[in-house]
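Have a look at the structure below before the remarks.
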Amino acid sequence: MDSLDGDGEMVIFIGRCKCCLNEGDLKNMWTPYTYEGETEIYGMMLTECFALSWQQPDDNMKYMDMICISCISRLRDALAFKREVLVSEEVLRENQDEILLYTTVKVEEDLEEEEEKSEYNDVEYLEVPDSLNKDELNEEYLSDEQLLSSDNSLLIECKRKRSKRLTKEDRNKTYKQYTEEELQMAVDAVQNNEMSHTEAAELFNVPTKTISAKIRNIANEEEEQSQSPEENRKRKFPKKLPKQDRNKTYKQYTEKTLRIAIDAVQNEGMSCNKAAEKFKVPRKTLALRLQNAIAKKEEPDDDDASKIIDQEKHYKLVEEIKSILTYTNAIPYKSRLSRYYCAYCSTYGPAFDDADDLRTHTKTKHVDNRTKGVDQIMRPHWLNEVLRIDIHSLHCTVCCTILPTWNDMFRHLEDVHEVVLDEAYNRVIPYILARELKCALCGEAFPNYHMLDGHMNTHYSSYICSECGDTFLSASRLKKHVEVHSTGRFPCEVCGKVYNLKKYMKKHFVIVHGQKDQYKCSYCPERFSRTFQRHQHVLENHKEMVKIKTCEICGKTFDWMPYYSAHMRRKHGNKKNYKCKQCDKRFPMKYQLRDHQEKHLEERNFVCDVCSERFKTKAGLVRHCQLHHNFPTAKNQTVK
């Protein structure tokens, strides 16, 4: 389906949800589907719920009307609510007279009951006659049915008013007026089954809850004494949750909400506790920010001024990131060991080798948390000063305009939607996570993500090395780079091998003597020292999880993404950066150039041991042995 935007450009809507224009898991609106035993046709459900004027298209055009899973869920809820309202309205209309009569009678009964209560306001305690069982009155009041069955005249007297809560001074006059001897006697009476909790509390003038708590403590002490010393050393308080679980409840407020709470305390006179409860921010955090704000006003200095500037820049960056995620379909993400991770789940969540799986996960699992989770992603600001963002097939989600480049997005948001982005220009790093990795800013191709990620430093000058002048986009990258200039003698503590760079020694120690198995399987706890070993493990033990990659040009299939990427560079790559100096031929891979240069050699150093024929290259000897001597490989060869 095509449409025109405000500038007259043609915009393509094919492959999008007709309700929200999002991509993802789509279903046809006019195809019957079964859900919980019932047949659903989403186009008819939309017409019934919202009275839309949509008409069922022709058979050859039905494939264009699609709806996403998120909209289907919302449609089911909306239609169910509409049907419930209609049914309730029908019931009210049919039983209007009966409901009106019942309501009138109920109001009259309530008025009579209020009059009866007002006549007996002075009745404070209930005097229980001997005809009633006093055990039933120890813990709770008698019900109306019990009173009516015993003596109807007691009904009104039983409905006494609850006494008001005493002041703290008055409560202290009656609180803990028992002795430890009386408490111990009450506990002994209950443990020996001589009395119930209520009887012991009444006899020894001890609170019932105190007796129960004392008995529980005694039982816990006896249980600890019966345990072994190892079991007794276990922590009595809950263990500290892992970081991924703490993030579910820790700092779930936004900086904007915290600032509103601070303003309410400073300008509106609201107390710190009420503001923390109303805006759902930590009370200690709110109090600390207020204290810092007061101290900075009284004795400002240069350090405080720089901190305030940094806080304002980070706050503005977070708001601009929310604007980008609101107006575009960009996907924030994180990376580790050349694998992709969801920015909302962080590196504790699932890892993805394919960027398509990352995009599908983010669009389906975090559709409601797209902007709300930005504050959590960017905390703390000194570690998360930049954000990686995937702009594959970038377009505006408001007006559905296709945005070919990263700079086009900035111009479009400012010209069309009046959204100006300043901090995001230098601190939001764009990537195009496609099968063929290219720089989103200059278009240069790279064989793997690690090289592309390092290349992005050349486009940003946020941090500059004072030794060599190289630029870096984050402070952490500059810190790692500075180690290159600290040359010297760095011996390994285990084997004594000496390196001239400290980072090389650390890498040697980790690989050889430290964590050899740093690559973990995504589907089981097994770990491996190389990515290829992990891939072989997945092929053998998790075949159902292997995703087959198919070349769109020649149809060849691959079971590992590095294989597919290498195939695209070798066979279908446009850039051939390796040139032969003797014949000016170019090759996309360095090893191809090396094999080609052997053809220019005059010496024939490869000799067949069967017929003594000589060849310039090893490949020529292999072909000779396979054709003339029926060898599967060149087993008999001599290099002279």
- Query: Tell me, what is the FRET efficiency for Asn220 and Asp595 to the nearest 0.05, using R0 = 56 angstrom and their Cβ-Cβ distance as r?
  - Reply: 0.15
- Hey, rough spin-label estimate for Ile464 and Cys551, points 7 angstrom out along Cα→Cβ, what's it come to in nanometres? 4.6
- Item | Relative contact order, percent, segment 464-572 [alpha-carbon distance under 8 Å, six or more residues apart] | 10
- Rounded, prolate or oblate: pick one for segment 496-545, where a ≥ b ≥ c are the square roots of the eigenvalues of its C-alpha gyration tensor, a/c under 1.5 means rounded, and failing that, prolate if a/b is larger than b/c, else oblate. prolate
- Length gain on complete extension for the stretch Thr471 to Asp354, per 0.36 nm per residue less the alpha carbon to alpha carbon distance? 39.2 nm
- Message: As a test question: what accessible area, to the nearest 10 Å², does Met66 have when a 1.4 Å probe is rolled over all protein chains in place?
- Response: 40
- Message: If I ignore ligands, DNA and RNA and count only protein heavy atoms, how much of Ser53 is accessible to a 1.4 Å probe, in Å² to the nearest 10?
- Response: 110
- Val85-Ser271 pseudo-label distance in nm [points 7 Å out on the Cα-to-Cβ vector]: 4.1
- What the Cα atoms of segment 354-478 span along the principal axes, largest first and in whole Å, is 47, 31, 31
- Item | Estimated distance in nm for a label pair at Glu48 and Arg74, the labels positioned 7 Å out from Cα along Cα-to-Cβ | 2.0
- Query: Stretch Gln536-Glu312 to full length: gain in nm at 0.36 nm per residue minus the Cα-Cα span?
  - Reply: 75.7 nm
- Note on the structure: In this structure, the FRET efficiency calculated for Glu544 and Ile511 from their beta-carbon separation, with R0 = 25 Å, to the nearest 0.05, is 0.20
- Long-range alpha-carbon pairs in segment 248-291, meaning those over 13 Å apart, account in percent for 44
- Message: Run through segment 452-556 and list the GluC sites (Glu not before Pro) located in a DSSP loop whose Cβ has at most 12 other Cβ atoms within 10 Å.
- Response: Glu467, Glu493, Glu552
- Message: Quick check: with the 1.4 Å probe, what order do His412, His197 take by accessible area, largest first?
- Response: His197, His412
- Note on the structure: In this structure, the FRET efficiency calculated for Leu92 and Tyr35 from their beta-carbon separation, with R0 = 35 Å, to the nearest 0.05, is 0.70
- Note on the structure: Stretched fully, the stretch from Lys579 through Thr397 gains (0.36 nm per residue minus C-alpha distance, one decimal, in nm) 61.1 nm
- Expressed to one decimal in nm², the mean projection of the alpha carbon convex hull of segment 457-566 is 10.8
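The values are calculated or read from the model by the stated rules, or taken from the named source; none is laboratory data. If you're wondering where the values come from, they're calculated on a predicted model, not measured in any experiment. Glycine also receives a Cβ, built like all others from the backbone with ideal geometry; neighbour counts cover every protein chain displayed. Heads up: the accessible areas ignore ligands, DNA and RNA and are worked out on the full protein's heavy atoms, side chains in. Shrake-Rupley method; radii C 1.70, N 1.55, O 1.52, S 1.80 Å.
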